[in-house]
Amino acid sequence: MSKTTTANQADAAAGSDVVTSICQAILRRQRFLLTSHARPDGDTIGSQLAMAYALEALGKQVKLVNADAAPDHYREFPGVDRIEIAERSDAEADALIVMECSDLSRTGVAGLDGHFIINIDHHAGNRMYGALNWFDESAAACGEMVFDVIRALGVPLSREIATHIYLAILTDTGSFHHSNITPRTFDICRQAVEAGVNPAAMARRVFDSNSFGKLKLIGALLDAMELIDNGRLAVLYLDEGMLETCGCTHNDTEGVINLPLTAREIQAVVFFKAGATGEVRVSMRSKYDVDVRAVANAYGGGGHKNAAGFTVAGQLAEVRPQIIERLVTAVREGLKSRP
Ligand code: AMP
Ligand code: MN
């Protein structure tokens, strides 16, 4: 059986058929494997661990696996050290819950296909690869959906669960900047705060825990920033040499992409990270109706209107012009409906 909801059913999510089916499937099973997408972000970690604590509150056995380690500033959040980092998992489980992944391959973990899969995601273009699929593009974070499942399971919001739900929302909304924030977002945050989350401490832990090396890296990246289309598009470039000079790792690039958007004129940012592998990793962010997901889709990537990404084969100099052209078009289109 495979059921889905659409965006306009989202408000009824907690009572919807698919949430009920997911709850029934969870209650009938004992051993769970939880995973999410490679190169984890706050929504990945938050959704996964909120679900883990909720299942454990029901007496279930939970294992967690991800392809990549969490960025440093998430490591001190409860349970993060329990996530196994592996390219493959042969863990036995009665169900695999995949959160935040439009496709099973987004996990970057091999060996997961044979499981009974529960797919919970908010990325457009979800492939409905589960036995149960809940896809809600209107959710500002996958953590909002996980919250609905936890509530429908009747699990009280412990401080750990509330912390992870809040982490998911705080980060996936770009600290409440993106355009998919709704009353539901704040209602969930209100409940998280009532359950003991301290918003100031969360913001400090997530956004104000940079190393000095990262500050240097930010300086170097912004110094080399290029402005295009009368300053409406900002372009950032990272090469391995910069990381070395600043004593940083790839993890330290997290969040840097949002900084150019603090300039009034800049409507979109693209961040090119050229690796040694002959591939370029491309991350994009935008304001209001500038749709960077459409650009990501053209290269087989994905994401959301205001935050999307993809990886493309080739040298930066070859792939760059077309990507920039598409982004300039997206910026001009998006500005037409600027509030
Ligand atoms: P990033 O720029 O890596 O922070 O990604 C921004 C958003 O786009 C996140 O929601 C990602 O999950 C999504 N995203 C990034 N890369 C891909 C991809 N290759 N396929 C699908 N979604 C992606
Ligand atoms: Mn997300």
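General remarks:
- In summary, G219 fulfils each of the numbered conditions (1) in contact with a helix residue (DSSP H, G or I) (Cβ under 7 Å, 6 or more places away or on another chain); (2) at pLDDT 95 or above; (3) not β-branched (V, I, T) with the single exception of condition (1).
- Sole exception among (1) touching a residue at least 40 places away in the same chain (Cβ under 8 Å); (2) in contact with a Pro (Cβ under 7 Å, 6 or more places away or on another chain); (3) under 23 Å from G231 (Cβ atoms) for V269, by number: (1)
- Of all residues in segment 229-287 being of a type in the set (D, E, K, R), closer than 27 Å to S179 by Cα and more than 16 Å from ligand 2 (Cβ to nearest atom), the one that is modelled with the lowest pLDDT: D252
- Scanning segment 259-274 for residues that are crowded, with 18+ Cβ neighbours inside 10 Å and away from ligand 1 (no atom under 12 Å from the Cβ) yields P260, L261, I266, Q267, A268, A274.
- Per-region count, segment 288-312, residues more than 16 Å from ligand 2 (Cβ to nearest atom) and aromatic (F, W, Y): 2
- Meets criteria (part of a loop (DSSP other than H, G, I, E, B) and touching a helix residue (DSSP H, G or I) at 6+ places or on another chain (Cβ under 6 Å)) for Y129: yes
- Residue in segment 275-294 that is of a type outside the set (A, V, I, L, M), surrounded by 14 or more Cβ atoms within 10 Å (Cβ to Cβ) and in a helix (DSSP H, G or I) present: yes
- Residues satisfying the stated conditions in segment 86-110, i.e. surrounded by 16 or more Cβ atoms within 10 Å (Cβ to Cβ) and within 16 Å of ligand 1 (Cβ to nearest atom): V98, M99, E100, C101, S102, D103, L104, R106, T107, G108, V109
- When residues in segment 295-331 are screened for being away from ligand 1 (no atom under 16 Å from the Cβ), in a helix (DSSP H, G or I) and touching a residue at least 40 places away in the same chain (Cβ under 8 Å), 5 of them pass.
- The residues listed here are D72, D41; of these, the one that is within 16 Å of ligand 2 (Cβ to nearest atom) and either modelled with pLDDT under 95 or surrounded by fewer than 24 Cβ atoms within 10 Å (Cβ to Cβ) (or both) is D41.
- Hits in segment 116-134 - residues which are more than 16 Å from the chain's Cα centre (by Cα) and surrounded by fewer than 22 Cβ atoms within 10 Å (Cβ to Cβ): F116, I117, R127, M128, Y129, A131
- Given (1) among the small types (G, A, S); (2) at pLDDT 95 or above; (3) outside any helix (DSSP H, G or I), number of the condition A124 does not satisfy: (2)
- Conditions (1) buried (at least 17 other Cβ atoms within 10 Å of the Cβ); (2) away from ligand 2 (no atom under 12 Å from the Cβ); number of the one not met by D113: (1)
- Hits in segment 86-99 - residues which are among the aliphatic types (A, V, I, L, M) and more than 12 Å from L34 (Cα to Cα): A86
- Hits in segment 296-335 (condition: within 15 Å of R232 (Cα to Cα), surrounded by fewer than 20 Cβ atoms within 10 Å (Cβ to Cβ) and not hydroxyl-bearing (S, T, Y)): I324, E325, R326, V328, R332, E333, L335
The values are calculated or read from the model by the stated rules, or taken from the named source; none is laboratory data. As the structure is a prediction and not an experimental result, all values here were calculated from the model. We place every Cβ from the backbone using ideal geometry, glycine too, and count neighbours over all the protein chains shown.
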